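Any read-out appearing in this document is the output of simple, stated calculations on the displayed coordinates, not a laboratory observation. All of these numbers come straight from a predicted model, not from anything done at the bench. All Cβ positions, even for glycine, are placed from backbone atoms using ideal geometry, and neighbour counts span all protein chains on display.
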Amino acid sequence: MHSNKFVLVLLVLLLIFSSVNVFQNYLIGQRLLQIHEESKNKITQVSVAPGDAKEQTEQYTPDTFTVRGVIKKEKIPEELELGEDWYWVYFDEPYLLKNNASGWPQYVNKLQLVPPQDAAFYKIDDYLDSPVEIYGYNSWGYAESSVIQIISIAKL
């Protein structure tokens, strides 16, 4: 009789322990989902909310700069399989590119451009073959090449 009570108490304790363990795992899973959603929202806020100056500052402040030149659209070599066209800014005077794959500053006559994230506001084709001022930041392109991610463009 005592052994039946012992087994019953043991089963009840095991059931309680299992229930607590399942509940803890549920809470941990919920917290991980919450953390994932918060991080996803932060990324979305930074990249999608261009009207929020604070968010733009956090995203662009480290490497922003202004350059002047002429934007040209050129065909991408077919063997690269990267699409049809890419954009380049040709400088009037050589530009000192500090961040590049070589690890050493070097003067360049042109740099590839990545169109603005807000393509509805700045259509890069509207600025082709005219002197422009580009505000942007240095980023990486194909095969560790240095590119300029455009934030804004103005015709001169």
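In this simple spin-label model, placing a label point 7 Å from the Cα along the Cα-to-Cβ direction at both Trp140 and Leu156 gives a separation of 3.1 nm. Converting the Cα gyration tensor eigenvalues of the stretch 59-155 into ellipsoid dimensions via √(5λ) gives semi-axes, longest first, of 19, 17, 14 Å. Net charge of the neighbourhood of Val108, taken over other residues with C-beta under 15 Å away and scored Lys/Arg +1, Asp/Glu -1, is +1.
For Phe91 and Asp126, the difference between the fully extended length at 0.36 nm per residue and the C-alpha to C-alpha distance is 10.8 nm.
Computing FRET efficiency as 1/(1 + (r/R0)^6) for Thr64 and Leu14, where r is the C-beta to C-beta distance and R0 is 41 Å, gives about 0.10. Summarising the amide proton neighbourhood of Ile76: residues at separation of 5 or more, or on other chains, whose placed amide H is nearer than 5 Å comprise Asp85, Trp86.
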